[in-house]
Amino acid sequence: MELSSVISTWYNWLKFHRSYSVNTLESYMRDTKDLINFLGMHIGEEVTIETLSKLSIPELRSWLSFRYTRGVNARSNLRALSVIRNFFTYLNNNYSIDNKAVFSLSRPVRRKTLPKALSIYDIKTLLDGMKLSNFGEPWIIKRDIAIIILLYGTGLRISEALSIKANDINNDELIISGKGSRQRQVFILPVVKKYIQEYAKSCPYLSTDGPLFLGARGKKLGRTYFANRLQKIRRILNLPEILSPHALRHSFATHLLHKDVDIRSIQQLLGHINLETTEIYTHLNYNEIFEMYKNFQKTHKSNS
């Protein structure tokens, strides 16, 4: 029984029976291969099904520690361990391989971190800087600006934005399939539509039934490529290190909260299944904190 064959069967089961998205499947395969590569180095020989059946808690801890030394955070390690447990559950159900060590290992401690949002000034600086600087062909700059405004103006995930079709550009609202194939309605503001249409008119490769956002050679734009490109632009414009496609989504939610949009509406716009996921943004109400600070100063002065 070849390990690669078993992993391939598991992949197909996740894809066709569990309907996992392409991004989730890629993540599952990446984490599984990461463990297998580590074990190969650790034991100095090829990893087999038998190797996995004898996998011990110390070996798992060594793998997670090795990931930490490579800069992998607790959240990613938590996800990776969850992936491995999913795989071992599959092995147990289909191949009678029962390894209790995988399920006995305590979960990595995940410290709750607040989502990082950009200021409105940072977003304006980014857009103005891109219009004035030479970051590539004019249509590519228009594409990047359209994506940034789309992410900030709708709260879409980058994978969701890149899944939009070219024939959607004239719509005022879209039905987006998010995580777990959950669908939600997304409204496109006139300013967002304006920049998307400007990009579409200038793109030399666009076809009606194909993807909206394309790379320099006319193929569908990849999210990793765009994230790397955004980092390059960030460094040139000297913008905060937190700038990323996901930071634009966080900024969308945070700035809506500052405008007193209710938390349940933000939950629907973001496509969060649980309200508690959205409630983390309530910790980012900087205006309220600043008002409290000013009141404290006034009280302190009056008492002194």
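Read the figures in this text as sums done on the coordinates, not as results from a lab. Quick caveat, the model's predicted, so the values are computed rather than measured. Counting neighbours? That spans all protein chains shown, and the Cβs are built from the backbone with ideal geometry, glycine included.
Report the full-extension gain for the segment Ser265 to Asn37: residue separation times 0.36 nm, less the Cα-Cα distance, to one decimal in nm. In short, 77.7 nm is gained. Listed peptides 38-47, 207-216 appear in the order 207-216, 38-47 once ranked by packing, highest mean of other Cβ atoms within 10 Å at the front. Between Glu50, Glu26, Glu160, the Gaussian network model of the chain with springs among Cα atoms under 10 angstrom shows the greatest mean-square fluctuation at Glu50.
Each Cα pair under 8 Å and six or more residues apart adds its separation to the average, and for the range 139-281 the resulting relative contact order is 29 percent. In the structure shown, the pairs Lys116/Lys142; Lys142/Lys232; Lys124/Lys165; Lys194/Lys232 are assessed against 18 Å; a Cα-Cα span above that value is assigned to Lys116/Lys142; Lys124/Lys165; Lys194/Lys232. Among the listed options (1) 1.05; (2) 1.20; (3) 0.96, the one matching Cα Rg over 2.2 N^0.38 Å as calculated from these coordinates is (2). Apply the a/c threshold of 1.5 to the C-alpha gyration tensor of the range 1-159 and tell me whether it is rounded, prolate or oblate. In terms of gyration-tensor shape, prolate. Charged side chains reduced to their Cβ positions (Lys and Arg at +1, Asp and Glu at -1) give the chain a dipole of some 560 debye around its Cα centre. Entry note, the range 3-104: relative contact order of 30 percent, from Cα contacts under 8 Å with a spacing of 6+ residues.
Pairs of Cα atoms nearer than 8 Å and 6+ residues apart set the relative contact order; for the chain it is 17 percent.
With a simple spin-label model that places each label point 7 Å from the Cα along the Cα-to-Cβ direction, the separation between Ser106 and Ile49 comes to 3.4 nm. Just Leu257, Leu248, Leu60 to compare: in a GNM of the chain, with alpha carbon springs under 10 Å, which one fluctuates most? Greatest mean-square fluctuation among the candidates belongs to Leu60. A simple count of charges around Leu35, restricted to other residues whose Cβ falls under 13 Å of its Cβ and scoring Lys, Arg +1 and Asp, Glu -1, yields +3. For the chain, a Gaussian network of Cα nodes joined below 10 Å ranks Phe187, Phe103, Phe252 by mean-square fluctuation, and the top entry is Phe103. Per-residue Karplus couplings for the range 187-198, computed as 6.51 cos²θ - 1.76 cosθ + 1.60 with θ equal to phi - 60°, are listed in order as 9, 9, 5, x, 5, 5, 4, 4, 6, 5, 5, 4 Hz, Gly and Pro entered as x.
Taken one residue at a time, the phi angles of the range 46-61 give Karplus couplings (6.51, -1.76, 1.60, θ = phi - 60°) of 5, 7, 10, 4, 5, 4, 5, 5, 9, 4, 10, 4, x, 5, 5, 5 Hz. Gly and Pro are set to x.
Taking the dipole about the Cα centre of the chain, with the C-beta of Lys and Arg at +1 and of Asp and Glu at -1, give me whichever of Leu230, Tyr121, Ser163 is farthest to the positive side. Of the listed residues, the answer is Tyr121.
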